[in-house]
1. Kindly indicate whether E108 is loosely packed, with under 14 Cβ neighbours inside 10 Å, touching a His at 6+ places or on another chain (Cβ under 9 Å) and within 24 Å of Y209 (Cα to Cα).
2. Those residues that are within 16 Å of the ligand (Cβ to nearest atom) and more than 22 Å from A160 (Cβ to Cβ), I need them from the stretch 93-113; list them, please.
3. Against the condition modelled with pLDDT under 95 and either farther than 26 Å from A42 by Cα or touching a helix residue (DSSP H, G or I) at 6+ places or on another chain (Cβ under 8 Å) (or both), how does K224 come out, does it pass?
4. For the stretch 250-269, enumerate the residues that are in a helix (DSSP H, G or I) and either among the aliphatic types (A, V, I, L, M) or under 29 Å from A115 (Cα atoms) (or both).
5. For residues that are surrounded by fewer than 16 Cβ atoms within 10 Å (Cβ to Cβ) and either small (G, A, S) or within 13 Å of the ligand (Cβ to nearest atom) (or both), scanning just the stretch 250-261, find the one that is farthest from K195 (Cα to Cα).
6. How many of the residues making up the stretch 63-94 are within 30 Å of V5 (Cα to Cα) and touching an Asp or Glu at 6+ places or on another chain (Cβ under 8 Å)?
7. Looking at the stretch 114-141 only, could you name the residues that are out of contact with any Lys or Arg (no Cβ under 9 Å at 6 or more places or on another chain), within 12 Å of the ligand (Cβ to nearest atom) and either free of Cβ contacts under 8 Å to residues at least 12 places away in the same chain or aliphatic (A, V, I, L, M) (or both)?
8. Could you pull out every one of the strands (runs of 3 or more DSSP E) wholly within the stretch 171-249 that has 2 or more residues that are touching a residue at least 60 places away in the same chain (Cβ under 8 Å), crowded, with 21+ Cβ neighbours inside 10 Å and within 15 Å of the ligand (Cβ to nearest atom)?
Amino acid sequence: MVKRVRTAVFPVAGLGTRFLPATKAMPKEMLTVVDRPLIQYAVNEALEAGIEHLVFVTGRNKGIIEDHFDRQYELEQTLERRGKLGPLAELQKELPSAGRTSFTRQQEPLGLGHAVWCARELVGDQPFALLLPDMLFRGTPGVLKQMMDTYEVTGGNVIAVEEVPRDAVSSYGVVGRGAGEDNAFRITAMVEKPKPEVAPSNLIISGRYILQPSIFSLLADQPKGAGGEIQLTDAMVTLMGQEPFVGVKYEGTSFDCGSKIGFLAANVSYALDRDDIRGAFLDELDTRNLLDAMIEPDRRAAE
Ligand code: G1P
């Protein structure tokens, strides 16, 4: 039997430079998609997959994330007094229960690999899930749950992957595909941010991982890689020589909310998906001729 995954790690120490000035004093993980901060979607995905312990690797200016996952007594009492029971229930439903969150700090921005290593004491000697909150996934069940289902069969290390156009691979980690099923297969290679011509495939590492704790000792000695940062992918390459890695081509859609375009697309898509917003949102876009502008790019350019 494989060892159950109880803990999820959320690296939330990044500076969010691509969203300045919005992220000058506010963490990028608190940027909202419709009415929830990005981090809430990742946490909900983890809870849906059965995760019990949420570990946040934070940094300076990130205290508000800890507040977000705490109770707000005054607010709750006010909502109750005013009879706003719907929003109150929603607040309470999405709050991890007491004692299930832990916070530690990455003291220097040395890269994703270093951020994950900072979680080692809180994770301990057990497999863990890793969710990069920039990547927003819509799938039923959620992507981490889909990975858990595979992990229960394969054990080892599991990575969510997806196909992107060849010329986009250099923004991501890229895997090589080995034997297996169409949607779950052995990973034979991994490269962080390769040039398209040397990438092993167009399957990228999507920002969801299930990893064995052996990664921590490798990260401890990991030299800097792409972009002068300590890269998780480089440590995983070493671990691949010792333990199996399985790629899960998940069902669903993803939004790379680390980029403005992905973030804007996520807001439109999530709004259109909401029964309470869709109709009024479409009407508003229509009134402002924005629907036409989206359909007719020539007209938009001329205006
Ligand atoms: C990180 C990982 C990369 C992965 C990506 C997904 O890169 O290093 O392998 O493909 O997340 O978003 P970053 O976006 O931090 O540059």
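The values are calculated or read from the model by the stated rules, or taken from the named source; none is laboratory data. Keep in mind that this is a model prediction, so the values were computed, not measured. Methodologically, a virtual Cβ is constructed for each residue, glycine included, from the backbone with ideal geometry; neighbour enumeration extends over all protein chains shown.
1. Yes, satisfied.
2. Passing the criteria: Q106, E108, P109, L110.
3. Against the criterion (modelled with pLDDT under 95 and either farther than 26 Å from A42 by Cα or touching a helix residue (DSSP H, G or I) at 6+ places or on another chain (Cβ under 8 Å) (or both)), K224 qualifies.
4. Listed by number, the residues that qualify are K260, I261, G262, F263, L264, A265, A266, N267, V268.
5. Only one residue fits best here, namely G252.
6. 3
7. A115, V116, L136, listed by residue number.
8. 173-180, 203-211, 245-249
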